[in-house]
1. Please get the size of the charge dipole for the chain, origin at its Cα centre, with Cβ charges of +1 on Lys and Arg and -1 on Asp and Glu, quoted in debye to the nearest 20.
2. Suppose only helical runs count, i.e. DSSP H with n ≥ 4. What mean residue ellipticity at 222 nm does that imply for the chain under -39500 (n - 2.57) per run, divided by all residues and rounded to the nearest 500 deg cm²/dmol?
3. Between GLU136 and LYS312, what is the spin-label point distance in nm, taking each point 7 Å from the Cα along the Cα→C-beta axis?
4. Would you list which lysines come within 19 Å of LYS79, measuring only between C-alpha atoms, while excluding same-chain residues fewer than 8 positions from it?
5. Starting from 0.36 nm per residue, how many nanometres of slack lie between ASP155 and ASP66 once their C-alpha separation is accounted for?
6. Could you tell me what percent of the DSSP beta bridges with both partners in the stretch 212-335 are antiparallel, to the nearest 5?
7. Please return the longest range in the chain lying between exposed loop sites, taking GluC sites (Glu not before Pro), DSSP loop only, at most 12 other beta-carbon atoms within 10 Å, and leaving the sites out.
8. Consider just the alpha-carbon atoms of the stretch 157-244 and return their Rg together with their Dmax, both in angstrom.
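Each reported figure results from applying straightforward, stated rules to the coordinates on display, with no laboratory input. Quantities reported herein were computed from a predicted structural model and do not represent experimental measurements. Every residue, glycine among them, receives a Cβ derived from its backbone with ideal geometry; neighbour counts consider all protein chains shown.
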Amino acid sequence: MEALASFKRELSSPKNIFITTHVKPDADALGSSLGMAGYLKKKGHQVTVVTPTDYPSFLNWMEGNDDVLDFSREDHRKKADKALNQADIVICLDFSCLNRVNELGELIRKSDAYIVNIDHHQDPEDFADYRLWSTEAAATCELVYELIVALEDRDMIDESIASCLYAGIMTDTGGFRHPNTTKNVHLVVADLIDLGANVTQIANWIYDSNSVNRLKFIGFAISRRLVIREDLHMAYFAISKKDLKKYQSRTGDTEGLVNYALSLDGIKLAALFSEREDGIKISFRSSAEVAVNKFAAEYFNGGGHKNASGGKSELSLKETVEKFEKLVEKHQTELFQEEEVSVQ
Ligand code: 5GP
Ligand code: MN
């Protein structure tokens, strides 16, 4: 609690605050950033939110979206650099390793600002002056809500802030279905609903905003690019650059695709390999008893949560998939070790 008191002291006079989150932000990353930004602005601080890359357009409804700077854009870079140089406080949300924010990572490491890290991923790097970190939390948005309450500012959570935080919790629990959907999650979202989050509207903005191209792409991927290895309880998609181009894929279009592989009866491990400009991006998902984060960290330069993690590969798409299949075959027993699923 000593650390919280120190952060509280930092916030006791108006400050320049720089907020950032991980590459290709999802609803938890952007929702926690904009929810936190909304709260800190209301407290009288000057706040700039900078993302290392772009993010899906189905998040554009979030309050503060129009002012977000994208560090990968030439026309935003100067402003973002200036905000970081002038920052008294830097808040890093939904990531725990500075390599998750591209070049911004080293700039943050060198910064003299007071550094805050709020996150729920495994194996955090120690780079912050104040860290609010718990792998028990389903989402960073859950931690941000708890932080605002601990700072005795619950009443400052308005409809916009509540909506941003609700969105992150909704998506990081897979719509309140993943094993991380605890009693606390429901208590927090109950309060966010009380504070104005509109459940139907938010679900609609995030889940029901498909383009025709995206829906056709999903159909194509399921019928032509899904490999099912029932013998290994595993299924995966391998999507080439050409496939993405054919369906004019935009940021966020592959989001959720991997869940179709995991939804198959008997499948406990699912993966999505997509060929991008800078290599193969990988998403892993698993059922409760299979841990994919260690697998991602050990073999694919990644990490994440027990049942949802990611990584990358510099091999070709074909070679990456072959490596994956061989590894799953080889590590069957460790990967699929049944263990007690704790119910909270
Ligand atoms: P997604 O598959 O949705 O991109 O990512 C799932 C989870 O894995 C997220 O919590 C994300 O932060 C984490 N993750 C994805 N890619 C990487 C990566 O390259 N490195 C690490 N450490 N985590 C990742
Ligand atoms: Mn998250």
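1. 1120 debye
2. -12000 deg cm²/dmol
3. Placing both labels 7 Å beyond Cα along the Cβ direction yields 3.4 nm.
4. LYS15, LYS41, LYS110
5. Gain in length upon complete extension: 29.5 nm.
6. 75 percent
7. Between the exposed loop sites, the longest stretch runs 153-276.
8. Here Rg and the maximum Cα pair distance are 17.4, 50 Å.
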